[in-house]
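The values are calculated or read from the model by the stated rules, or taken from the named source; none is laboratory data. Source: prediction; values computed, not measured. Cβ: placed from backbone, ideal geometry, glycine included. Neighbour counts: every protein chain shown. Accessible surface areas use protein heavy atoms only, side chains included; no ligands, DNA or RNA. Shrake-Rupley method; radii C 1.70, N 1.55, O 1.52, S 1.80 Å.
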Amino acid sequence: MENYFLLPNLLYDAERIELENYVKTFPDWSFYGYGRFRIFIGFPTRESIIPVASKFKNPKTLFKKIEINMVKANGIVAPHTDCDRFATLNIPIMGDFENSTLDFYTHNTDGEVSPGLDGNQGALYKPKHYIEEELIEQVSYTVPVCFDTQTVHGVTNCTKQDRYILALSFREEFTYAKLKEMYEYGDLLV
């Protein structure tokens, strides 16, 4: 089953430079996970995302939230599914994307509810993590990638560089299949 598609037509070189400068000085990271198995979350300014969002047709109706994610050098995001989004678009900002991967796993178990943001058990966001799933595919990408966040996925960044992405989360009605169709028919990007 196909879990992702690449968007090589989404060009953002000038915007990437601005985002690189932003993430280098961003001071207020939150995170999910523990130790080496953490993903850091930051929130970009409106000014930093408008140039990227404007590359999409009707961005105000498409996106639920936009955030920056960081996986530290030699970091791993454990297998998980998301509960507050069904499809996302990851745009590489900075890091060794040729040697780090978006990972997809089997989905054979029910998983366990993960601790919330910063380990807070009372957080509303309750993603599930998986311990017994098997790795089935690793995807290196240097262009934006859209994928189904209901498939069990994670990240492996066994490089010497921190890895930053801009994560654009789509509203619930924009399923992975619908987004892929929109992209293929020219209805997603301006």
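Things to note:
- Accessible area in square angstrom per residue, the chain, 1.4 angstrom probe: 51 Å²
- Working ranking of peptides 10-18, 155-163 by packing, defined as the average number of other Cβ atoms within 10 Å per residue, highest first, is 155-163, 10-18.
- When the charge dipole of the chain is built from unit charges on Cβ atoms (+1 for Lys and Arg, -1 for Asp and Glu) and taken about the Cα centre, the candidate among PRO59, PHE37, TYR105 whose Cα reaches farthest toward its positive end is PRO59.
- For PHE56, residues with placed amide H under 5 Å, excluding near neighbours: VAL190
- Distances between placed amide hydrogens fall under 5 Å for ARG38 paired with ILE76, all partners being 5 or more residues away or on another chain.
- Of the listed residues ARG36, ARG46, the order by accessible area with a 1.4 Å probe, largest first, is ARG46, ARG36.
- Taking 7 Å steps out from each Cα toward its Cβ at ASN58 and GLU98 produces label points 3.9 nm apart.
- Value at 222 nm in deg cm²/dmol, rounded to 500, when DSSP H runs of n ≥ 4 in the chain each add -39,500 (n - 2.57): -5000 deg cm²/dmol
- Using the Karplus relation 6.51 cos²θ - 1.76 cosθ + 1.60 with θ = phi - 60°, the per-residue 3J(HN,Hα) values for region 144-160 come to x, 10, 10, 8, 7, 7, 8, 7, 6, 9, x, 9, 10, 10, 8, 10, 8 Hz, with x marking Gly and Pro.
- Charged-residue dipole, Cβ positions (Lys, Arg, Asp, Glu), region 1-55 about Cα centre, Debye nearest 20: 220 debye
- GNM flexibility winner over the chain from PHE56, PHE147, PHE86 (Cα, springs under 10 Å): PHE56
- Charged-residue dipole, Cβ positions (Lys, Arg, Asp, Glu), the chain about Cα centre, Debye nearest 20: 540 debye
- Measuring between alpha carbons in the structure, the pairs from LYS57/LYS160; LYS55/LYS160; LYS72/LYS178; LYS24/LYS57; LYS57/LYS180; LYS64/LYS160 lying more than 25 angstrom apart are LYS57/LYS160; LYS55/LYS160; LYS72/LYS178; LYS24/LYS57; LYS64/LYS160.
- Shape of region 1-72, Cα gyration tensor, a/c cut at 1.5: oblate
- Projecting the Cα atoms of THR142, ILE91, ILE49 onto the dipole axis of the chain, where Lys and Arg carry +1 and Asp and Glu carry -1 at the beta carbon, places ILE49 farthest toward the positive end.
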